[in-house]
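*Asks:* What follows is a structure written as structure tokens; I'll ask about it next.
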Amino acid sequence: MFDLTGKRALVTGSTQGIGFEIARMLAEHGATVYIHGASNVQKCVSASNKIKGSTPVLANLLFVEEIDALYEKTGDVDILVLNASIQYKRKWDEFTLEEYEEQMNCNVRASYLLMKKYAEGMKAKGWGRIVALGSVNQYNQHPELSVYGATKAAQFKLVRNFAPILASYGITVNNVCPGAIETPRNEDVCSDPQKKAAVVAKIPCGRFGLPSDISPAVLLLCSDEGAYITGSEIVIDGGLSLK
Ligand SMILES: NC(=O)c1ccc[n+]([C@@H]2O[C@H](COP(=O)([O-])OP(=O)(O)OC[C@H]3O[C@@H](n4cnc5c(N)ncnc54)[C@H](OP(=O)(O)O)[C@@H]3O)[C@@H](O)[C@H]2O)c1
């Protein structure tokens, strides 16, 4: 089960956190993986060195020309995991235009452009898997994550719309929606016992999630066994969105 031998995968934002764990798991199941980061060569190479057979590749997804260059470097892939994202925490009326645009451009525009670009090769092959990383903030209201939540809701709408269009080509398009996960992004909260306890108090399962709580669902969606799942979302949040 879940044999990805011969499949080529690009996991965006896989230098650390959830993306790294997804890349590691896909590679463990036979895929040849691209480890992708924004701009730090050493960080990207160092992450790639931890995953046998992987290749580091850099592209700042804020820039359309870098997205084009990314495709030129990787060529077609069978599996595209849209994991990279930018998040600014601000009160609703305190985002600068630049912060607003960075979140929109990385989390929505880049996802659209990457799906469009990589779907062509998948269509030609008659097989493809696209998985986007959403967030509970698509659903929950958060006083400082209004723009980020909006980007994840928009990205999910792209997933839902593209799934029926691409299904006849053997391509599935799905969302995986994490809750609060221990990654470098949440280091400020997780390293402060009081702040961490306040978040955990809202999670019915009683703990922060780990990247390894997310990767098995992505593996399922990327496998032949997941062929009949499309336009769906798997929420992995320990029940956080139920409160
Ligand atoms: N952690 C959570 O609690 C949580 C909850 C819900 C949803 N999510 C979602 O899950 C995904 C992974 O989250 P995470 O916490 O693992 O993230 P993370 O630790 O912040 O890592 C972000 C990754 O995205 C890359 N990245 C950032 N800006 C980029 C840009 N402009 N161009 C290209 N790559 C860029 C980073 O590359 P560099 O290393 O080169 O900067 C890094 O590899 C994200 O989509 C996030 O929104 C996370």
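*Asks:* Using 1/(1 + (r/R0)^6) with R0 = 51 angstrom and r between the beta carbons of A201 and I165, what's the FRET efficiency to the nearest 0.05?
*Replies:* Using R0 = 51 Å, I get an efficiency of 0.75.
*Asks:* While we're looking at this one, here's another question. Could you give the distance between the Cα centres of segment 1-51 and segment 55-125, to the whole Å?
*Replies:* Comparing the Cα centres of segment 1-51 and segment 55-125, I get a distance of 16 Å.
*Asks:* Give me the count of lysine pairs in segment 1-107 whose alpha carbons sit under 20 angstrom apart, restricted to pairs 8 or more positions apart or on different chains.
*Replies:* Taking the Cα cut-off of 20 Å, the pair count is 6.
*Asks:* E28 versus V45, label points 7 Å from Cα toward the beta carbon: distance in nm?
*Replies:* Between E28 and V45, the simple spin-label model gives 2.7 nm.
*Asks:* Output the 0 to 90 degree angle, nearest 10, between the alpha-carbon long axis of helix 17-28 and the longest principal axis computed from the alpha carbons of the chain.
*Replies:* Long axis of 17-28 versus the principal axis of the chain: about 30 degrees.
*Asks:* Each label point is 7 Å from the Cα along the Cα-to-Cβ direction; what then is the distance between the points at K116 and E233, in nm?
*Replies:* Roughly 2.4 nm, to one decimal.
*Asks:* Which chymotrypsin sites (Phe, Trp or Tyr not before Pro) does segment 69-128 hold that lie in a coil by DSSP with at most 14 other beta carbons within 10 Å?
*Replies:* Details: sites: Y71, Y88, W92, F95, Y100, Y112, Y118, W127; in loops: Y88, W92, F95, W127.
Those that pass, being in a loop and sparsely packed, are W92.
*Asks:* Also: Given H placed 1.01 Å from N in the peptide plane, which residues other than close sequence neighbours of I35 have an amide H under 5 Å from its amide H?
*Replies:* Here T55, V57 satisfy the definition.
*Asks:* I need F156, F2 ordered by Cβ neighbour count within 10 Å, fewest first.
*Replies:* Values: F156 20, F2 16.
Ordered from fewest to most neighbouring Cβ atoms within 10 Å, F156, F2 come out as F2, F156.
*Asks:* Oh, and also: For segment 5-78, state which trypsin sites (Lys or Arg not before Pro) are in a DSSP loop and have at most 13 other beta carbons lying within 10 Å of their beta carbon.
*Replies:* Loop-located and lightly packed - K50, K52.
*Asks:* Then there is this: Return an integer: the convex hull volume of the alpha-carbon atoms of segment 3-109, in Å³ per residue.
*Replies:* Expressed per residue, the convex hull around the Cα atoms of segment 3-109 is 102 Å³.
*Asks:* Please count, across segment 103-200, the pairs of lysine residues with Cα atoms under 26 Å apart that sit 8 or more places apart or on different chains.
*Replies:* Lysine pairs, 8 or more places apart or on different chains, close enough: 11.
*Asks:* So what's the angle, to the nearest 10 degrees on a 0 to 90 scale, between helix 146-166 and the longest Cα principal axis of the chain?
*Replies:* For helix 146-166, the angle is close to 30 degrees.
Rule-based calculations on the coordinates, nothing more; no lab input. As the structure is a computational prediction, the values presented were derived from the model and not from experiment. So basically every Cβ, Gly included, is an ideal-geometry build from the backbone, and we count neighbours across all protein chains shown.
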